[in-house]
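Here's the structure, in structure tokens; my notes come after.
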Amino acid sequence: MKIEHSPLQGCFLLKPAVFEDERGLFCETFNAQVFEKKTNLYINFVQDNQSISSYGVIRGMHFQTGEMAQAKLVRVVEGKVLDIVVDLRKDSKTFGQHYSVILTAESFTQLFVPRGFAHGFITLSKRSVFAYKCDNYYDTASEGGIIYNDGTLNLDWQLPTEDIIISEKDKQLPTFKEVTQ
């Protein structure tokens, strides 16, 4: 497994080796020993989640706070998404910066999102199946978010506004400035 640094502190791209032959293919999507050796981070994933979304659906920008904050390892099982993360850690060198990456089922590339980041994605294909591992359990009281079209962050979702589908709940999220003050 190849692990690459993203521009954001503590955020990594994981690219597993893929072995193909006449039967199909095999890849190891995560190995804790390799991850720890290459990142100096010990992660104990305790919850796996999966969503199915249609073209133009944005899920995000979400995070959990305090003791229930979550690190995530995200990947696309089917389709294509634009995945975006924002560093919300005030003591980080990359606080307030964001990073985006295209994730596809064909590439097997995964994104490790550390605790203290907001995370979201938009489906760029007809349909996506998105899976992620979390190192902490979901807790409703600890959830937070940032509005997808925040003027400070100016995130590029790569689709025209008229093609975007977002939940009523996510349309009501606060701005980056409101979250980080």
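State, as an integer percentage, the relative contact order of the stretch 44-180 based on alpha-carbon contacts under 8 Å between residues 6 or more apart.
Worked out over the stretch 44-180, it gives 38 percent.
About its Cα centre, what dipole magnitude does the chain give when the only charges are +1 on Lys and Arg Cβ and -1 on Asp and Glu Cβ, stated in debye to the nearest 20?
For this selection, approximately 260 debye.
Do the sum for the chain: with -39,500 (n - 2.57) for every DSSP H run of n ≥ 4, divided by all residues, what is the mean residue ellipticity at 222 nm, to the nearest 500 deg cm²/dmol?
Mean residue ellipticity, 222 nm, calculated: -2000 deg cm²/dmol.
What does the C-alpha gyration tensor say about the overall shape of the chain? Classify as rounded when a/c is under 1.5, otherwise prolate if a/b is larger than b/c, or oblate.
Here the chain falls in the oblate category.
Take the chain, connect every pair of alpha-carbon atoms lying under 10 Å apart with a spring to form a Gaussian network, then pick out the residue of ILE165, ILE122, ILE58 with the largest mean-square fluctuation.
Sorting by GNM fluctuation, first place goes to ILE165.
Rank-order 138-147, 38-47 by packing density, defined as the average count of other C-beta atoms within 10 Å over each peptide's residues, highest first.
With the highest mean Cβ count within 10 Å placed first, the list reads 138-147, 38-47.
In debye to the nearest 20, how big a dipole does the stretch 1-76 give about its Cα centre with +1 on each Lys and Arg Cβ and -1 on each Asp and Glu Cβ?
Magnitude of the dipole: close to 200 debye.
Highest mean first, how do 94-102, 81-89, 26-34 rank when packing is the count of other Cβ atoms within 10 Å averaged over residues?
With the highest mean Cβ count within 10 Å placed first, the list reads 81-89, 94-102, 26-34.
Could you tell me which of rounded, prolate or oblate describes the stretch 1-99, using a ≥ b ≥ c as the square roots of the eigenvalues of the alpha-carbon gyration tensor, with rounded for a/c under 1.5 and, failing that, prolate when a/b is larger than b/c and oblate otherwise?
oblate
No lab work stands behind these numbers, since they all come straight from the coordinates. The shown structure was predicted, so the numbers you read here are calculated from the model rather than taken from an experiment. Note that we place each Cβ from the backbone using ideal geometry, even for glycine, and neighbour counts take in every protein chain shown.
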